[in-house]
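Where a number appears in this text, it was derived from the coordinates with a stated rule and is not lab data. Computed from a prediction, not measured in an experiment: that's the story for all the values here. Cβ: placed from backbone, ideal geometry, glycine included. Neighbour counts: every protein chain shown.
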Amino acid sequence: MHSVVQAVTDRIIARSKTSRAKYLAALNDAKTRGVHRSSLSCGNLAHGFAACNQADKTTLRQLNKANIGIITAYNDMLSAHEPYGSYPDIIKAACHEIGSVAQVAGGVPAMCDGVTQGQPGMELSLLSREVIAMATAVGLSHNMFDGALLLGICDKIVPGLLIGALSFGHLPMMFVPAGPMKSGIPNKEKAKIRQQFAQGKLDRSALLEAESQSYHSAGTCTFYGTANSNQLMLEVMGLQLPGSSFVNPDDPLRNALTQMAAKQVCRLTEHSGQYTPIGEIVSEKSVVNGIVALLATGGSTNLTMHIVAAARAAGILVNWDDFSELSDAVPLLARVYPNGHADINHFHAAGGMAFLIRELLDAGLLHEDVSTVAGFGLSRYTKEPRLIDGELIWVDGPKESLDKDVLTGCATPFQANGGLKLLQGNLGRAVIKASAVAPEHRVIEAQAVVIDDQNKLDALFKAGELDKDCVVVVKGQGPKANGMPELHKLIPLLGTQQDKGFKVALLTDGRMSGASGKVPAAIHLTPEAIDGGLIAKIQDGDLIRVNADSGEICLLVDDAILAERVAEKIDLHPVSYGMGRELFAVMRAHLSSPETGARCTTAIDEHY
């Protein structure tokens, strides 16, 4: 193993010793209770299979047969989740083939950040992760199930499902992806059209046509944002079948993989002799593997919160120092938009997951000795699926990249370190997706332009007040303030200023997710303004330094002056009501910092 990867892993294991032991003890306690349907009364059980056909009722009376719960995030408004509409029938049929049963245990909400960007609904996005986790637990709480399949892909949905699943960590579970849509308009062209619209050079109809050519069919969006980062993370953590992440929805291989997932989770139940619960698959080593793969590919900054939150649900304590040390040791091996011009389909075609995992394993950057849903050992994931004469098989993945502009090996990385960077200074701690920022734009020292709402930047842009080197500060956007919405409306405007030759950067206690682009963005700043963070005292004209190379983020104002300043009060009234936001007030007030996962403080924290 690489010395840094091993050292970080050892540190996480030591830090998590007590909390992980408590979690595993709880798993063992749940496991020793035996087949869970056996604990149900006759009335309970009759209710549980009342709607089943007679054959399934007969099977479920036998306590040595597997019943698989399906937790689905299906809706047909999300392109990524639309394919899931047919999955329950596919899964049930596959389970029947091997004498098992599957039931839809419950549904969870699934919202799309792409639809809500810049809208009040975006302020529910991060909060929805907690709702999804709770809804997952509710679905599994009937105690009818020997295992589960989790149907979810996007932004907060995967981490929410994973957190909820880990509360039933004694059960075997796996994720079932649906795959990305096929490639549409090139990402470079899409970004250009967005900037031209922001500059007033194109009208709304031209913008809508371009967006429609980009997001054009069922399947996950093809840029390397949070959804595809989720899929990559899940596969490297051994929570999906090898090579299943990026097969398009209409590919016959996709159906075959879904059928195999249904059969495989049955094989992992207590009845099978291959019992592999999800709480054991999610280990300190598998969490480190997920972080390493994220860094090696320049993945979503949202995962700096979600991995932390999900790991904690399994008693594993991770922080941004772990991310930072790993990032310094892990080379960047992928160039996928916004960290390049290719999309996730190009990544998959160039060698995809099998090539990536082989390279990282050979370099000692991934732990091979981990449990996965495919069996013990991550080397199983250097193979990729094929459908030959109707039979699903796995073959060795490519040992050479088929497109070295998109995917490369550890001997010839795009850069020597990973895609994410920890920033520290008197302003606190933040993260930046440095891999998407050109080297000449990674260091900026300029005056602040302060706003408290991303929608206010457009007026400043049109008035010419951004025609200078500047650091745009957007405060009052943290978890407790307004739920930490995405701030992507800023990027076309700031990108335009950068193209004009101005040095610009963004600083915020809000978030930017996986689509963070070419403008340096210091995001997830903690402590947030409403929690007393120094960002609340920044005024227009203050000098700020953002250095993505050295990891520095500083407000260059004399301490004596800052001591005399009174932080501007954050007005929460405009974001506290309407579009359902009032329903989440209690939850929002109890969200933790981004570095601790932006989690809702719960009994998990008290337990550990």
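With the Kirkwood sum run over all distinct C-alpha pairs, region 492-550 has a hydrodynamic radius of 12.8 Å. For region 384-461, the mean projected area of the C-alpha convex hull, equal to one quarter of the hull surface, is 10.9 nm².
On the principal axes of its alpha-carbon atoms, region 1-98 has extents of 57, 40, 25 Å, going from largest to smallest.
With coordinates expressed along the principal axes, the C-alpha atoms belonging to region 455-523 extend over 35, 23, 15 Å, beginning with the largest.
Evaluated with a Cβ-only charge set (Lys, Arg +1; Asp, Glu -1), the chain carries a dipole of roughly 980 debye about its Cα centre, given to the nearest 20. The modelled label-to-label distance between D458 and E582, using points 7 Å beyond Cα along the C-beta direction, is 2.7 nm.
For each of T220, T59, count neighbouring Cβ atoms within 10 Å of the residue's Cβ, then give the residues from fewest to most.
Listing T220, T59 from fewest to most nearby Cβ atoms yields T59, T220.
Going from the fewest other Cβ atoms within 10 Å to the most, the residues H142, H590 appear in the order H590, H142. Rounded to whole Å, give me the distance from the Cα center of region 327-341 to that of region 157-192. The two parts, judged by their Cα centres, are 19 Å apart. Sorted ascending by nearby beta carbons within 10 Å, beginning with the fewest, H573, H81, H367 become H573, H367, H81. Each Lys and Arg adds +1 at its Cβ and each Asp and Glu adds -1 at its Cβ; summed about the Cα centre, region 219-356 shows a dipole of about 300 debye.
Please compute the length gained on full extension between E209 and H2, using 0.36 nm multiplied by the number of residues separating them and subtracting their Cα-Cα distance.
Residue separation times 0.36 nm, minus the Cα-Cα distance, leaves 69.7 nm.
Here is the list for region 525-590: trypsin sites (Lys or Arg not before Pro) lying in DSSP coil, each with at most 11 other C-beta atoms within 10 angstrom of its C-beta, are K569.
Computed over the alpha carbons of region 53-176, Rg followed by Dmax gives 15.4, 52 Å. About the centre of its Cα atoms, region 483-557 shows a dipole size close to 260 debye [charges on the beta carbon of Lys, Arg (+1) and Asp, Glu (-1) only; nearest 20 debye]. Spatial offset of region 534-577 relative to region 211-226 amounts to 36 Å, using the alpha carbon center of each. Loop-located trypsin sites (Lys or Arg not before Pro) across region 1-110 with a Cβ neighbour count of 12 or fewer within 10 Å are R33, with loop assigned by DSSP.
Take every Cα pair under 8 Å whose residues are at least 6 apart in sequence, average their separation, divide by the length of the chain, and the relative contact order is 15 percent. Each Cα pair under 8 Å and six or more residues apart adds its sequence gap; the mean of these over the residue count of region 343-457 is a relative contact order of 20 percent.
The tail of the calculated P(r) for the chain beyond 37 Å holds 31 percent of all Cα-Cα pairs. In this structure, the residue pairs whose Cα-Cα separation is over 27 Å, taken from K518/K569; K433/K468; K399/K421; K192/K462, are K518/K569; K399/K421.
Taking 7 Å steps out from each Cα toward its Cβ at D499 and D251 produces label points 3.3 nm apart.
Taking the charge dipole of region 1-112 about its Cα centre, with +1 at Lys and Arg Cβ atoms and -1 at Asp and Glu Cβ atoms, the residue from G106, A25, H81 reaching farthest to the positive side is A25. Of the residues S371, A481, Q196, the one whose Cα sits farthest towards the positive end of the charge dipole of the chain is S371 (charges of +1 on Lys and Arg Cβ, -1 on Asp and Glu Cβ, taken about the Cα centre).
For S217 and L562, a Förster radius of 56 Å and the Cβ-Cβ distance give a FRET efficiency of 0.60, rounded to the nearest 0.05. Volume per residue of the convex hull around the Cα atoms, evaluated for region 162-210, comes out as 130 Å³. Measuring max minus min along each principal axis, the C-alpha atoms of region 245-316 give extents of 34, 32, 16 Å (largest first).
Model label sites at A589 and D403, defined 7 Å from Cα along the beta-carbon direction, differ in position by 5.1 nm.
If you take the Cα centroid of region 15-44 and the Cα centroid of region 414-449, the two points sit 44 Å apart.
With the largest listed first and rounded to whole Å, the semi-axes of the equivalent ellipsoid of region 258-298 from the Cα gyration tensor are 27, 14, 5. Show me, bin by bin at 5 Å from 0, the whole-percent P(r) of region 302-394 based on Cα pairs. Binned Cα distances yield the sequence 3, 10, 14, 18, 23, 19, 9, 3, 1, 0. A Förster distance of 56 Å, applied to the separation of the beta-carbon atoms of T58 and S379, puts the FRET efficiency at 0.85.
Please give the direction-averaged projected area of the C-alpha convex hull for region 92-152, in square nanometres with one decimal. Its average projected convex-hull area is 5.0 nm². Look at the dipole of the chain built from charges on Cβ: of M233, Y215, A567, the Cα furthest out on the positive end belongs to M233.
Scattering from the C-alpha atoms of region 517-600 alone, worked out with Debye: what is log10 I(q)/I(0) at q = 0.11, 0.16, 0.18, 0.22 1/Å? Here the Debye-derived log intensity ratios amount to -0.43, -0.85, -1.00, -1.20.
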